[in-house]
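Report on one structure; see the data block that follows.
Computed from the coordinates by the stated procedures, all read-outs in this text should not be read as laboratory data. Predicted, not measured: the structure shown is a model, and the values here were computed from it. Cβ placement follows ideal geometry from the backbone for every residue including glycine, while neighbour counts extend to all protein chains displayed.
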Amino acid sequence: MDLDWIINHLGEDRAQYFGAVAPPVMQSSIFTFPDVAAMRAAAAQEMDAAFYTRGSNPTVKILRRKLAALEGAEECLVFASGAAAIAAAVVALTRAGDHVVCVQKPYSWTRALLRDLLARFGVAHSFVDASAIDEVAAALQAQTRLIVLESPNSLTFEQQDLAAIAAIARPRGILTLCDNSHASPLNQSPLALGIDLVAHSATKYLNGHSDVVAGALCGRRALLQSVFQGPFMTLGAIPSPHDAALILRGLRTFKLRMQRIAETTPRVAAFLAAHPRVAKVWYPHLPDHPQQGLTQRQLRAPSGLVSFAIRDADVRVIERFCNALRRFLLAVSWGGYESLVCPLAAFLPPDAPLVPSSGRAPPELIRLSVGLEEPEVLIADLEQAFHACGEAG
Ligand SMILES: *Cc1c(COP(=O)(O)O)cnc(C)c1O
């Protein structure tokens, strides 16, 4: 199945919908049946049948089929958010007494899920530097049930060797989950490397238009059935059919958007790396990146996130820099058509010293999400902001 077929045709049984070219928004909570036998048959197939929209909905089903195919998975469930998808997976696969190994710097709410929520229900966890295979192996316990990965992660872009981790997990009966939001299914295929489940914040590249919050979980049918029977149906964090239709529309340009981002972002990263005001750049595709080998093996193309630190900056300099940008919007999240800037200093008081803390991204870090604008426009905007922000002190 080629990418264009998946994006434009898969799952769209147009003959059923008057030949509509754009997928219909099946904005209905319930579906009726000609007789009890048909109702009984649908009830027995709740994960797939048009029965009740908390379980399945035809518009959402089109999206599930496309996302499963993009990840090379048997099955996909779509959620109200990426956080809901990750939480549902971890809740479905663990019980009191189990232990979870997680990357050291996961997405902040993945950290909170393990540290604050699941700990209350007797699920223990260890955060490890999973870029070192030995540390992952050393963290495994008899009770370890799940390894939660995020490669690359979303602030400093550390990667994990997914095939190597899958190879130590599988023989021990430990499941692996990889958050693939950053690379997107276009640039990385964790399931093909032996990972059991892939999670996405569809809010980011899959939708790509900064107008929907949604998530997805892809993997083997049996695993997703246990997620469906458990937290998917009990917590009920489902997307609306309308949101699914918006993501389907966003997906139409997914390949083009990612190709454009893969051309522009390395130019922005190279500009930053060469700039005298820049102390450090985090970008897996720079030639001197410490994980360059893994980048070459695991990522098919660059994504649009690049982080950097301004030389000798304090919070005020970072603020002046970000306030001076005209094209990059100040906002969290990423993956839309517009370029964004997100300084971690926004999460600190204005007079706070920039003190590093272990297991966290450096507080002076500024993350850019490169959108679909001309690279020259973005680079010129960064240049004028460096001029405008002045020096520390
Ligand atoms: C945004 C994000 C999430 C959470 O997704 P939401 O759609 O915001 O709930 C999870 N993981 C990563 C890497 C993210 O960037």
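GNM, the chain, Cα, under 10 Å: largest mean-square fluctuation among Ala183, Ala202, Ala112? Top of the fluctuation ranking is Ala112.
HN-Hα J couplings of region 176-189 from phi, Karplus 6.51/-1.76/1.60, θ = phi - 60°, integer Hz, Gly and Pro as x? Each residue of region 176-189 in turn: 10, 10, 10, 6, 10, 4, 5, 6, 6, x, 5, 9, 7, 10 Hz. The 3J(HN,Hα) values that the Karplus relation (6.51, -1.76, 1.60; θ = phi - 60°) gives for region 234-246 are, in residue order, 7, 7, x, 7, 9, x, 7, x, 5, 4, 4, 5, 5 Hz. Gly and Pro appear as x.
One Cα centroid belongs to region 266-294, the other to region 87-112; the line between them spans 31 Å. Each of Lys280, Lys204 has some number of other Cβ atoms within 10 Å of its Cβ, and from fewest to most they run Lys280, Lys204. Helix 58-71 axis versus longest C-alpha principal axis of the chain: approximately 60°, rounded to the nearest ten.
Of the listed pairs Lys61/Lys105; Lys66/Lys280; Lys255/Lys280; Lys61/Lys255, which have alpha-carbon separations greater than 27 Å here?
Lys61/Lys105; Lys66/Lys280; Lys255/Lys280
Between Asp134 and Asp288, the simple label model (points 7 Å from Cα in the Cβ direction) yields a spacing of 2.6 nm.
Region 1-72 and region 316-332 have Cα centres lying 43 Å from one another. One chain, two ends: Ala37 and Phe121. Fully extended at 0.36 nm per residue, the span grows by 26.2 nm beyond their Cα-Cα distance. Helix 82-93: angle to the longest alpha-carbon principal axis of the chain, degrees 0 to 90, nearest 10? Taking the Cα atoms of the chain, the angle to 82-93 is about 60 degrees.
Residue by residue, region 268-279 carries 3J(HN,Hα) couplings of 5, 5, 5, 4, 5, 4, 8, 7, x, 7, 9, 7 Hz when phi is fed to the Karplus relation 6.51 cos²θ - 1.76 cosθ + 1.60 (θ = phi - 60°); x denotes Gly or Pro.
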